Amino acid sequence: MTPVLPGATIGIFGGGQLGRMLTLAARVLGYHVIILDPDPKCAASAVADRVIAARFDDVAAATELANACDVITVEIEKIGADAMAAASAIVPVRPGGHVLHIIQDRARQKRWLDEHHFPLGPFWVANSASELEVAMKSAGSHAFVKSSFGGYDGRGQVRTSPRDDAEAVWSSLGASTCVVEKGLDLEGEISVMVARRPDGSCATFPPALNHHVNGVLDWSVIPAPIPSTVAREGVRIARGIAEQMDVVGLLAVELFMLRDGSLVVNELAPRPHNSFHHTEYVSLTSQFEQGIRAACDLPLGNTESIRPAAIANLFGELWLHDGATPRWEQALALPGVRMHLYGKSPRAGRKMGHVGAVGSTAEEAVALAIDARTKLTPR
Ligand code: ATP
Ligand code: MG
């Protein structure tokens, strides 16, 4: 396998904030970057050499991207199979089509994890409103019903009780295949990021502890303040998945921590992840640089974090205060606080950026990141 060396051109499927941050890391390492995204003004467009504006299932555009690049990686999993195949016939695409095929379909992803004996909470796959009704009743006091395709940031899923009208839930989620999960009593949520090279060598970041509000990541801290046995088990599971799925590139594994300390896999993402943005501040290698190294088949960087760090997400609401500007100086005046904005136009609920903070403990880092976010809010 020949590494893709600095000076070469990297293609990225997807130009959202993750694509933008991958592009910045690639540029630091001396690469050129071409983005394929439906929006010519996508977040990555400001930092990439070129954007090919096309849908993620556009085979001709994927071919054009591949012909202009030395390697391709992804920031989003919903790339069409035919587009992946066309690109892979020309240059290495990392992670490959087989990984996206499993992960982009929630039902298929669950079944794969189950067949490979990774720990999961109870789940059912429903292909009709009546199957959904049976599953919602079997799930106990409450369930999470998730459409099999296209959900993110808590969209495309609803929390239900057995008394809810399955017919209404079915149509609200687009009347297509759903995964029904038993609502679990969580001690907490963690994620593990694995990077893997074509020869199978791996590096993992220490797990992050994540806090969600209404199904959306609100803040995250690394290293997760959890027992080391739980952290080791999380890393073991995540690495096992990356190996058995033969992922080359990045794989983020979201895990639920149950009250007895055991872990079950929630879901997978074959790309950088919101819960590892703090690696930019305190890890010897950021997740973005690591993703570029893995895709280019370069030696993986050291993943040690030198201090605890947290990020808190900034949502569109912050900009929607009757035209008042967020109070940037207030947040940036806090010692150790960093800020990253994605250059997107604000909409309610949209992830617009994050603030980061370091601390001598995880708790201190989280408190400072949240304080910085609060100080940004216009009065
Ligand atoms: P994201 O894109 O933010 O990762 P998503 O829309 O793909 O999210 P999930 O990760 O499936 O959604 O779920 C979002 C959050 O909802 C979880 O992180 C967790 O807080 C809660 N949740 C989801 N499923 C369950 C469950 N079975 N039991 C308890 N909580 C759950
Ligand atoms: Mg999730």
For segment 153-184, give me each residue that is open to solvent by 20 Å² or more (accessible area, probe 1.4 Å), within 11 Å of Arg106 (Cβ to Cβ) and within 14 Å of ligand 1 (Cβ to nearest atom). Gly156, Gln157
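Quick grid of which residues meet (1) under 19 Å from Gly215 (Cα atoms); (2) within 16 Å of ligand 2 (Cβ to nearest atom); (3) assigned by TED's automatic domain parsing to the domain that holds Gly215; (4) part of a strand (DSSP E or B):
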position: Lys137; (1), (2), (3), (4): no, no, no, no
position: Tyr152; (1), (2), (3), (4): yes, yes, no, no
position: Val169; (1), (2), (3), (4): yes, no, no, no
position: Ser176; (1), (2), (3), (4): no, no, no, no
Tabulated pairs, segment 214-229, first in the same structural domain as Leu255 (by TED's automatic domain parsing) and more than 15 Å from Pro308 (Cα to Cα), second modelled with pLDDT of 95 or more and within 11 Å of ligand 1 (Cβ to nearest atom), C-beta under 7 angstrom, 6+ apart or interchain: Leu217/Asn210; Leu217/Asn274; Leu217/Ser275; Leu217/Asn313; Asp218/His211; Asp218/His212; Asp218/Asn313
Filtering segment 190-222 down to residues that are farther than 30 Å from Gly96 by Cβ and away from ligand 2 (no atom under 16 Å from the Cβ) yields Val221
Of the numbered conditions (1) open to solvent by 50 Å² or more (accessible area, probe 1.4 Å); (2) within 15 Å of ligand 2 (Cβ to nearest atom); (3) part of a strand (DSSP E or B), Glu187 satisfies every one except a single condition; which is it? (2)
Residues that are in contact (Cβ under 8 Å) with a residue 40 or more places away in the chain, at least 2 per element: which strands (runs of 3 or more DSSP E) completely within segment 7-59 meet that? 9-13
Applying the selection to segment 106-129, what residues are open to solvent by less than 20 Å² (accessible area, probe 1.4 Å) and more than 16 Å from ligand 2 (Cβ to nearest atom)? Ala126, Ala129
Residue list for segment 340-379, filter: over 30 Å from Ala48 (Cβ atoms), among the small types (Gly, Ala, Ser) and open to solvent by 20 Å² or more (accessible area, probe 1.4 Å): Ser360, Ala367
How many of the residues in segment 212-270 are among the aromatic types (Phe, Trp, Tyr) and touching a His at 6+ places or on another chain (Cβ under 9 Å)? 1
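The values are calculated or read from the model by the stated rules, or taken from the named source; none is laboratory data. For clarity, every value in this text was computed on a predicted model and none was experimentally measured. Glycine gets a Cβ as well: all are built from the backbone with ideal geometry, and neighbour counts include every protein chain shown. Keep in mind that these areas ignore ligands, DNA and RNA; they rest on the heavy atoms of the full protein, side chains included. Shrake-Rupley method; radii C 1.70, N 1.55, O 1.52, S 1.80 Å.
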